[in-house]
Amino acid sequence: MENQELKKRLSRIKNLPTLPIVASNVIKLTQNPDSTAFEIAEAISKDQSLATKVLKTANSAYYGFPRQITTVNYAIVVLGLNNIKNIVLSTSIIQRFSKSDENALFDRNDFWKHSLLCGIISKKISEHIGITNSEEMFMCGLLHDFGKLILDSFFHDEFIMALQLSKEKNITISQAENDIFGFDHSGVGALLLGKWSLPPSLVKAVEFHHSPIESLNAFRTASIVHVADYLCRRIGIGSGGDNIMPVLNKKAFELVDLSSNQIKQMSLQITKEFKKATEFLDEGEEDK
Ligand SMILES: [Fe+2]
Ligand SMILES: [Fe+2]
């Protein structure tokens with residue numbers, strides 16, 4: 001999905017957000033097989049508020065570890081590197097993008113609830129079809145609509161026009177964005193996450209979450225996020241800015257291999273898990 005217009009417009013933004021340095025160091029360290037848990041713990045501890053948040057999330061009911069986790073080093077040992085990487089990345093990004101200018105049409109709280117739910121469902125579907133790196137699928141779901149935050153922050157007026165258009169015409173935000181910008185949030189998100197050196201498989205899943213069929217080698221991951229995004233609206237927690245059911249891609253739905261009975265059961269479980277996972281969504285906004 002090479003979109004020159006999108007590239008041009010993003011390249012004109014002078015202060016495109018960067019991934020917080022500590023998070024970026026942690027990502028690098030986790031990609032290096034020689035890194036030790038101690039080195040990673042040390043990198044996280046350079047940012048005390050991040051370290052505190054990592055511990056809070058590691059102790060949340062979502063992970064359900066029976067004993068209190070009191071140090072980052074111990075958190076890495078018991079939850080594993082992939083989970084800790086996810087906590088660091090999601091915490092850094094959510095903290096950074098939790099506040100916004102006034103935008104009555106786009107509530108960031110609801111946005112993050114939608115994103116978190118999509119992460120949880122993506123992980124659940126991956127487990128259901130036997131994907132081994134289901135933690136990465138959590139991040140794909142969590143970040144699938146990330147581009148909306150960039151549009152809201154840097155192309156605010158046009159983004160509001162797109163939100164209005166979506167309401168007036170009863171079309172998805174993605175369709176409205178395409179009408180207004182000539183591209184939509186999936187490409188914007190993928191471009192920025194790619195710049196942050198996040199794994200290419202994650203970037204592709206974000207890029208093709210509306211149209212998994214167009215992705216070449218990321219059909220599986222894009223399909224999972226696509227179906228998860230659809231199920232989020234059915235469950236009705238949070239909002240990505242519109243409440244229109246997108247068209248569910250048949251092939252993607254076949255791939256996730258869920259019967260309607262399984263969907264019902266999964267939805268109940270997921271609603272419970274979502275409540276346990278709210279530690280991800282920083283309640284402690286009072287500190288910054
Ligand atoms: Fe989307
Ligand atoms: Fe979404």
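FYI, it's all coordinate maths here, none of it is from the lab. Computed from a predicted model, the values in this text were never measured in an experiment. FYI the Cβ positions are ideal-geometry reconstructions off the backbone, even for glycines, and counts take in every protein chain you see.
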*asked:* For region 17-78 and region 154-175, what is the centre-to-centre distance using only Cα atoms, to the nearest Å?
replied: 37 Å
*asked:* Quick check: from the Cα gyration tensor, does region 135-288 come out rounded (a/c under 1.5), prolate or oblate?
replied: rounded
*Derived scalar couplings ³J(HN,Hα) [region 156-169; Karplus, 6.51 cos²θ - 1.76 cosθ + 1.60; whole Hz; x for Gly, Pro]*: 3, 5, 5, 5, 5, 4, 5, 5, 5, 4, 4, 5, 4, 8
*Given charges of +1 on the Cβ of Lys and Arg and -1 on the Cβ of Asp and Glu, with all other atoms neutral, how large is the dipole of region 101-282 about its Cα centre, in debye to the nearest 20?*
780 debye
*asked:* With a 10 Å cut-off between alpha carbons and a GNM built on the chain, which of Pro17, Pro246, Pro66 moves the most?
replied: Pro66
_Unit Cα scatterers, Debye sum, region 18-96: log10 I(q)/I(0) for q = 0.12, 0.16, 0.22, 0.24 Å⁻¹_ = -0.28, -0.50, -0.96, -1.15
*With no solvent and one equal point scatterer per Cα, compute the Debye intensity ratio I(q)/I(0) for the chain at 0.08, 0.10 Å⁻¹ and report its log10, rounded to two decimals.*
-0.32, -0.51
*Arranged from highest to lowest average of other beta-carbon atoms within 10 Å per residue, in what order do the peptides 3-14, 198-209, 129-140 appear?*
198-209, 129-140, 3-14
*asked:* If packing is taken as the average count of other Cβ atoms within 10 Å, what order do 210-218, 46-54, 177-185 fall into, highest mean first?
replied: 177-185, 46-54, 210-218
_Reachable lysines from Lys14, criterion Cα separation under 16 angstrom, eight or more residues apart if same chain_ = Lys195
*3J(HN,Hα) from dihedral phi, region 115-120, Karplus parametrisation 6.51/-1.76/1.60, rounded to Hz, x for glycine, proline*: 5, 4, 4, 5, x, 5
*Apply the Karplus parameterisation 6.51 cos²θ - 1.76 cosθ + 1.60, with θ equal to phi minus 60°, to every residue of region 75-85 and state each ³J(HN,Hα) to the nearest whole Hz, in sequence, with x for glycine and proline.*
4, 5, 5, 7, 9, x, 4, 4, 5, 5, 4
